[in-house]
Amino acid sequence: MRRIAALFAPYRWQVALVVVLIVASSVVSLASPFLVRTVIDDALPHADIRLLVLAVAGMVAVAAITSLLGVVQAWVSTGVGQKVMHRLRTSVFTHLQRQSMDFFTRTRGGEITSRLTNDIGGMQSVVTSTATSLASNVTTVVGTAVAMAALSWRLSLLTLIVLPPSVWLTRRVALLRRSITSAQQRRLADLQHQVEESLSVSGALLTKTLGTADAQAQRFAATSAELVDLEVRASLAGRWRMATMNVVFATIPALIYLAAGLPATSDGMTVGTLVAFTALQAAIFRPLMGLLDVGVQLTASMALFSRVFEYLDLPVDIAEPAHPVSVDVAAARGDVRFEQVSFSYPGSQRRALDDVDVHVPAGSTLALVGRTGSGKSTLASLVARLHDPSSGRVLIDGVDLREMSLATLAQLVGVVSQETYLLHATVRENLRHAKPSATDAEIEEAARRAQVHDVIAALPDGYDTLVGARGHRFSGGEQQRLAIARTLLRDPKVLVLDEATSALDNTTERAVQAALDEARRGRTTIMIAHRLSTVTGADRVAVLDGGRVVEQGPREELLASGGAFAALAAAPPAQSVIGADLSCGGRAVLMR
């Protein structure tokens, strides 16, 4: 509750204004029952036209003033509520962006989306209306109770018998709804995950090729049916409470009329006082129930707040330094050094990297080679600080990456990976995403260097062509070249190439490799080589095995030494599919 209240702290003055408006509106509205009593007991019996006109005018004025105050109060309170929601959404989004890659690899995409949309969306009514509803109902209940006591303290005591059963029933409903709400949000996250998993481009392709559409539909229907059941339970959770309270509320006025008619309890009550008291008694039940409903909403919404605060409380593994070292990006040389670097993935007992010492002089190219799982990609990922080493240091120009701001590091290091990701936007917007200030001429120059300008220019809309979901409008090789162009546009001092030409045909690979060779001039490049043919342009080669560097040096020297690199180079190449015995058992095989 303290954390929820803290959300409103920056808007304390607006909240104070809302409270003042609510109190003023409640105080003004309390005049109505007394005006009614004046009309019935004084103006009408005595035919006092002047008093009657004043009382009626007062009733109209009360209605006008409370309505105007209500409009202003709603305007201010809604604005505060929406600003709180905005800050909460952006805080969660920003905090999640600061999480390491480990978080995203172990968390379902649908779960993240659900918490950002469903959970925060479900909190909106509580954030935008609960504070004002609480203040309004408290003020109204207190003010009405005072007015009722002023009219008849005996009848006021009779009205209070409604409180104990109301509070008890409300507490039970609140706890039940909290449990149901928590289950609902989990099922909504499941549903969101199934949608993303099955209806994305890759998911739809997998479903169609495996013929699992019926199974996916049944799975979705089962989750949806669980949601239906939870919605019904949530709707019915408070119905029996309302039915009970309606009986109680109907009984109280009858008891008041009975008490007013008995000599022992009437105490000479006038008709006007009885009518005014009955009006007040009816008026107090609405805000009283509203006050109890606020308690139900707050208790039920604790499940939503808990899920959102859980994400806000996630520790940041890759944190900004408190006092980052000032680095002149334009003057940076790009000298990269790994000093006794070890790294283990969370939950793993095995070291992915073990005591790695590698120096990549500024402007040189290092090729990382080794069998699958040897640690090549892990070592390269440390340069972009996708992970931090468990021990040791990674330095650029003598500065530990952990002492450098993340924005500066992103300017210094560019990454082109095997798995490209393109935004669902135009080609121009995808490239400009890397450098928002880039001119059209710079964008086209980067595309030319990546050997993809002619492909783009041949499209009907050119650079304004929509690439489609995850870039599936383009072939794999074209996507790879777009990713290369996007990185070249940033002109980083250090390039990390994770087999950046792996998706290209031989002709295009040669063209792009030539462009990359040109782009590597004057900058440091670290290549992850899955095929040894790509290391010919490297100044040095580092061979990894089991997370350790077992050999490093110039390519020719390593070949001549007959060590691990020579053994990899001497291994027979993968058997060509042309003329190969695929043993397909008579099945037709279509290859491209």
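The values are calculated or read from the model by the stated rules, or taken from the named source; none is laboratory data. None of the values given here were measured: they were computed from a predicted structure. Here the Cβ positions follow ideal geometry from the backbone for every residue, glycine too, while neighbour counts run over all protein chains shown. Remember, those area values only see protein heavy atoms, side chains included, never the ligands or the DNA or RNA. Shrake-Rupley method; radii C 1.70, N 1.55, O 1.52, S 1.80 Å.
Remark: pairs (first residue in the stretch 472-494, in contact (Cβ under 8 Å) with a residue 12 or more places away in the chain; second residue open to solvent by less than 10 Å² (accessible area, probe 1.4 Å) and not aliphatic (A, V, I, L, M); Cβ separation under 6 Å; 6+ apart in sequence or on different chains) = GLN479/GLY471; THR487/GLY414; ARG490/GLY414; PRO492/GLY414; LYS493/GLY334; VAL494/GLY334; VAL494/THR524. What do you reckon, is ALA438 part of a helix (DSSP H, G or I) and in contact (Cβ under 8 Å) with a residue 24 or more places away in the chain? No: the conditions fail for ALA438.
So that you can scan it fast, the table gives a plain yes or no per residue for (1) part of a loop (DSSP other than H, G, I, E, B); (2) within 24 Å of PRO361 (Cα to Cα); (3) touching a Lys or Arg at 6+ places or on another chain (Cβ under 7 Å); (4) at pLDDT 90 or above:
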site: GLY414; (1), (2), (3), (4): no, yes, yes, no
site: ILE456; (1), (2), (3), (4): no, no, no, no
site: PRO460; (1), (2), (3), (4): yes, no, no, no
site: GLU478; (1), (2), (3), (4): no, no, no, no
site: LEU489; (1), (2), (3), (4): no, yes, yes, no
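Filtering the stretch 72-109 to residues that are among the small types (Gly, Ala, Ser) and surrounded by 19 or more Cβ atoms within 10 Å (Cβ to Cβ) leaves SER77, GLY81. What are the residues in the stretch 55-70 that are more than 52 Å from the chain's Cα centre (by Cα), modelled with pLDDT of 85 or more and closer than 24 Å to VAL146 by Cβ, if any? The answer is none; no residue qualifies.
For (1) at pLDDT below 70; (2) of a type in the set (S, T, N, Q); (3) surrounded by 12 or more Cβ atoms within 10 Å (Cβ to Cβ), each residue gets a yes or a no:
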| position | (1), (2), (3) |
| --- | --- |
| SER200 | yes, yes, yes |
| THR209 | yes, yes, no |
| ALA217 | no, no, yes |
| ALA225 | no, no, no |
| VAL228 | no, no, no |
| ALA237 | yes, no, yes |
| PHE249 | yes, no, yes |
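Within the stretch 298-321, residues that are open to solvent by 40 Å² or more (accessible area, probe 1.4 Å) have Cβ atoms under 8 Å from residues that are hydroxyl-bearing (Ser, Thr, Tyr) and modelled with pLDDT of 85 or more in these pairs: LEU312/SER91; GLU320/SER405, counting only partners at least 6 apart in sequence or on another chain. Among the numbered conditions (1) open to solvent by 50 Å² or more (accessible area, probe 1.4 Å); (2) modelled with pLDDT under 90; (3) under 18 Å from VAL549 (Cβ atoms), the only one that GLN340 does not meet is (2). What are the pairs, 6+ residues apart or on separate chains, where a residue within the stretch 561-577 that is outside any loop (DSSP other than H, G, I, E, B) and among the acidic types (Asp, Glu) has its Cβ under 9 Å from a residue that is surrounded by 10 or more Cβ atoms within 10 Å (Cβ to Cβ) and modelled with pLDDT of 55 or more? Here the result reads none, with nothing in the stretch 561-577 linked to a residue that is surrounded by 10 or more Cβ atoms within 10 Å (Cβ to Cβ) and modelled with pLDDT of 55 or more.
One residue alone among ALA500, ALA447, ALA434, ALA469 is buried (at least 16 other Cβ atoms within 10 Å of the Cβ) and modelled with pLDDT under 85, and that residue is ALA500. If you go through the stretch 7-18 and keep only what is among the hydrophobic types (A, V, I, L, M, F, W, C) and open to solvent by less than 60 Å² (accessible area, probe 1.4 Å), you end up with LEU7, PHE8, ALA9, VAL15, ALA16, VAL18.
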